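Below is one structure, written out as structure tokens; comments come after it.
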Amino acid sequence: MTRAGRYTRSEEAFARARRVLAGGVNSPVRAFKAVGGTPVFFARGKGSRLVDVDDHQYVDYVGSWGPLILGHAPARVIERLMVAAAGGTSFGAPTTAETELAELIAQALPAVESLRFVNSGTEAVMSALRLARAFTGRPLIFKFAGCYHGHCDALLVAGGSGMATLGAPSSPGVTEGAARDTIVLPYNNLDAVAAALQRDGARAAAVIVEPVAGNMGVVPPAPGFLQGLRDICSRHGALLIFDEVMTGFRVAYGGAQTLYGVTPDLTTLGKIIGGGLPVGAYGGRREIMALVSPEGAVYQAGTLSGNPVAMAAGIETLRLLHGLGVYEQLERASSSLAACLEEAARQAGVAAVVNRVGSMLTLFFLAAGRPARVENWEDASRADTAAYARFFRAMLDRGVYLPPGQYEALFVSAAHDEEDLALTAAAAREAMRAARGSSPGGHVPL
Ligand code: KE4
């Protein structure tokens with residue numbers, strides 16, 4: 001089959017969606033703006049595979065942007081979901097399932113002595129910021145260029161290229177006032193952090209960081225970076241917030257804080273802890289969480305927070321993850337995938353490098369003459385995004401669904417097997433020719 005006509009039903013579905021949904025999608029990245037073409041509409045998923053509305057099958061490396069570390073529709077998670085749903089989907093009142101999932105999280109992440117469930121990572125982060133400001137009585141939040149923490153106003157800010165820049169609104173609708181107390185720092189640059197806190201530490205409420213960056217593509221913390229943040233925050237009485245929405249239970253069962261042995265004051269979570277249903281959480285030191293309403297005065301609430309169906313999915317997911325050998329299996333498959341992608345690029349003479357921590361990774365296409373390393377947003381922003389887009393489309397045509405954007409993380413699940421990896425490697429060898437751009441229009445015929 002040629003590419004023409006391959007996505008007919010997705011195109012029809014997108015045209016219909018655009019008549020009633022903003023941009024035709026319910027989250028911007030899904031619209032394929034960064035890679036071009038019509039977004040693929042999916043009909044179902046099972047394990048490592050997705051099937052689109054044109055009945056094409058794909059090896060899926062998006063995994064719903066991280067939650068599906070066990071793959072699509074794991075039998076035991078679905079069974080547990082169905083039992084919970086049959087008993088009622090939401091009561092707006094306490095259930096023991098919330099306590100059970102909270103206990104599992106607190107056992108996995110010792111820095112989380114107490115927590116509160118919400119319904120998204122954004123909600124978790126915005127609540128954690130409010131709490132940090134209340135606990136310290138200070139206004140300033142420090143974030144890092146290239147890190148994304150959801151769409152709360154205080155963090156939809158862009159920094160300049162300087163060592164530390166006052167956050168400027170990065171979206172219409174975010175006011176100067178909302179951005180004023182946010183300062184943007186370069187990732188993996190402790191000197192910049194130390195200088196900024198030396199200057200403004202007395203007004204610093206918190207430093208928030210993705211302990212492994214996943215939203216500029218995957219960028220691991222430089223050796224000592226996270227511990228350095230811990231030391232600087234402690235020195236100035238600012239709270240250290242690890243945004244582990246993506247890394248929590250992803251890079252290790254105990255998240256990045258366990259993997260790197262650094263203890264944050266607050267942690268935000270999402271994605272995996274909901275097992276594919278909408279769940280977020282924020283938690284940390286008991287003395288800080290004691291300020292959250294109704295025990296304390298920091299208000300935060302949510303109609304469906306802790307609903308029994310989402311809790312059931314999270315409980316079963318964490319129980320399965322705590323099983324023997326899951327992370328070792330993820331490491332083997334992820335290492336193999338990274339090697340095959342780098343080998344395909346090398347064989348095609350394409351400048352590319354893979355950044356990886358555990359089962360989250362990014363294949364960066366490097367602009368000509370750039371060093372083969374991506375250690376911060378300044379490096380990442382120079383990636384050859386057009387090459388990535390050509391590679392993405394060529395892989396899509398060959399049944400491999402990668403994240404539709406260079407600045408996203410690719411996720412391997414426990415369901416990915418040797419057959420998936422072999423199919424991916426074969427497709428990558430061909431698709432690299434498209435990435436190289438040597439084919440007319442950058443497209444490699446099927
Ligand atoms: P949500 O509000 O999307 O549940 O979580 C926001 C968030 C917070 N913190 C981190 C580290 C995150 O990665 C995210 C969301 N991640 C994106 C992936 N780049 C979600 C995908 C999307 O926006 O559609």
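Every number in this text was worked out from the coordinates using simple rules, so none of it is lab data. All of these numbers come straight from a predicted model, not from anything done at the bench. Note: ideal-geometry Cβ built from the backbone for every residue, glycine included; neighbour counts use all protein chains shown.
Judged by the mean number of other Cβ atoms found within 10 Å, the most tightly packed of the peptides 229-239, 137-147, 33-43 leads the ranking 137-147, 229-239, 33-43. Calculated [222 nm] ellipticity per residue, helices only, for the chain: -11000 deg cm²/dmol; basis is -39500 (n - 2.57) per DSSP H run with n ≥ 4, divided by all residues, nearest 500. For the stretch 253-347, compute Rh as the Kirkwood radius over C-alpha pairs and then the Stokes-Einstein diffusion coefficient at 25 °C and 0.890 mPa s; write the answer in µm²/s, rounded to an integer. After rounding, the answer is 150 µm²/s. A straight chain from E419 to Q198 at 0.36 nm per residue would run longer than the Cα-Cα distance by 74.2 nm. Work out, in µm²/s and without decimals, the Stokes-Einstein translational diffusion coefficient of the stretch 179-312 at 4 °C, 1.567 mPa s, Rh from Kirkwood over C-alpha pairs. The Stokes-Einstein estimate is 81 µm²/s. All other residues whose Cβ lies under 12 angstrom from that of A425 are scored, Lys and Arg at +1 and Asp and Glu at -1, for a net of -4.
Distance between the pseudo-spin-label points of R180 and A368 (7 Å out from Cα toward the beta carbon): 4.8 nm.
The long axis of helix 326-348 is offset from the longest Cα principal axis of the chain by roughly 50 degrees. Mean separation of Cα pairs under 8 Å and 6 or more residues apart, divided by the residue count, gives the chain a relative contact order of 21 percent. Normalising the Debye intensity of the stretch 63-116 to I(0), with uniform scatterers on Cα atoms only, and taking log10 at q = 0.21, 0.27 Å⁻¹ returns -1.05, -1.07.
Once the chain from S64 to T38 is taken as fully extended at 0.36 nm per residue, the excess over their C-alpha distance is 7.6 nm.
In plain terms, if you count all Cα to Cα distances in the chain and split them into 10 Å steps from zero, the share in each step is 4, 21, 31, 27, 14, 3, 0 percent. Here the calculated FRET efficiency for L291 and E100, from their Cβ-Cβ distance with R0 = 30 Å, stands at 0.75, rounded to the nearest 0.05. Modelled spin-label separation between V83 and A15, with each label point placed 7 Å from Cα along the Cα-to-Cβ direction: 4.7 nm. For the chain, the longest principal axis of the alpha carbon atoms and the long axis of helix 121-136 meet at an angle near 20°. Simple point charges give the picture: +1 on the Cβ of Lys and Arg, -1 on the Cβ of Asp and Glu, and for the stretch 1-133 a dipole about the Cα centre of about 540 debye. Each residue of the stretch 75-321 gets 120 Å³ once the volume of the Cα convex hull is shared out per residue.
Near the amide H of Q406, within less than 5 Å, lie no amide hydrogens of residues on another chain or at least 5 residues away, with H placed in the peptide plane. All other residues whose Cβ lies under 12 angstrom from that of A124 are scored, Lys and Arg at +1 and Asp and Glu at -1, for a net of 0.
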